[in-house]
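The values are calculated or read from the model by the stated rules, or taken from the named source; none is laboratory data. This one's a predicted model, so the numbers in the text were calculated from it and none came from an experiment. Ideal geometry is used to build each Cβ from the backbone, glycine not excepted, and the neighbour counts take in all protein chains shown. In case anyone asks, the SASA skips ligands and DNA or RNA and just uses the protein heavy atoms, side chains included. Shrake-Rupley method; radii C 1.70, N 1.55, O 1.52, S 1.80 Å.
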Amino acid sequence: MTVLVFLDPAHPAGRLVDAATPSLLATDQGVTRGDGIFESLLAVDGTPRKIQAHLERLAGSARTMDLVIPAAELWQAAITTAVTAFSASVALASAPAADAPAQCVVKLVVTRGPEGANTPTAWVQVSAISPALAEQRAKGLDVLLLERGYDSGISARAPWLLLGAKTLSYAVNMAALRHAHEQGADDVIFTSGDDLVLEGPTSSVLLAHISDDSGVPVKRLITPHLDTGILPGTTQGALFAAAKEAGWELGYGPVTPADLLDADAVWLISSLRLLAPVNTIDGKEIGTAAIRAELSEELSALLATTL
Ligand SMILES: Cc1ncc(COP(=O)(O)O)c(C=O)c1O
């Protein structure tokens, strides 16, 4: 079941359309060139999570690619219309379990619009969350390191690469995931040409240490530095804020592949999957199963306070 609501000046609360009927022009530059941006966020019991952070990142991506997009209030209104319509159709289709929070995926998409028209096309899509994400959280992931092909300083030198913007051009990210699946792995961590850890195709990378080099207990979370051209993760940002309150030390990269292998735990984290522990990288185990499970439980509980 999918609900689509287009942002439309004639409909301030958004225009609900039949998702089974074509709604885009074939000349839309989002389709013909991948020229557009998006956000994916989680809604729990009808409330979109971290909405402000996602709308701010959407606006940042738009600035990076000189795209004029609808104002935040119009997105808010369309999201409310879409999530309400989705919840109503779920309630009609089945009685939701009383104790389980109802989760759904809210996608915000805006393209440069049809060729020659110079009017962005913008819509909100709401759909069910994939059960595979809960499985990734529970079982963890086997991950491959794959080269992204750029050095870590390219983002400042070549802003036209749009690194750090959440563009619709995710074909490379999806190809990297397919490559990993063909090798029997579940997911990917990209590295730069100068061998620094970047991010996953759809996630941020996080690592933890629970003792320092001389064995003294610490609680330290590290994520790669944003100036390596990675997407600023809203989940990583929210988790860092909660972890700081809980006494964790926080650090930003540079992170090398050796740092990942040396960590007590590594996770891929994002708005939809939340925290998925990494069991192995290139076949080498990260920490121990017991430590991964214990830290995942602690950090998932912290993350839940931000939801
Ligand atoms: C490339 C990339 N990095 C990081 C993330 C994590 O971002 P967030 O935590 O805001 O979902 C995503 C999310 O889809 C992503 O696509």
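Here are the numbers:
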item	result
Test for Ala185: is it part of a loop (DSSP other than H, G, I, E, B), out of contact with any Gly (no Cβ under 7 Å at 6 or more places or on another chain), of a type outside the set (Val, Ile, Thr) and in the same structural domain as Leu268 (by TED's automatic domain parsing)	yes
Matching option when the condition is open to solvent by less than 40 Å² (accessible area, probe 1.4 Å), more than 28 Å from Gly60 (Cβ to Cβ) and away from the ligand (no atom under 14 Å from the Cβ), among Asp282, Asp264	Asp264
Criterion (in contact with a His (Cβ under 8 Å, 6 or more places away or on another chain) and either open to solvent by 10 Å² or more (accessible area, probe 1.4 Å) or touching a residue at least 24 places away in the same chain (Cβ under 8 Å) (or both)) met by exactly one of Ile154, Ile222, Ile210	Ile222
Search result, residues across the stretch 176-219 that are closer than 13 Å to Leu260 by Cα and away from the ligand (no atom under 12 Å from the Cβ)	Thr191, Asp195, Leu196, Val197, Leu207, Ala208, His209
Test: residue in the stretch 46-65 that is open to solvent by less than 30 Å² (accessible area, probe 1.4 Å), within 16 Å of the ligand (Cβ to nearest atom) and among the polar types (S, T, N, Q)	yes
Close pairs from the stretch 59-72: first farther than 16 Å from Pro232 by Cβ, partner among the aliphatic types (A, V, I, L, M) and part of a loop (DSSP other than H, G, I, E, B), Cβ under 8 Å, at least 6 apart	none
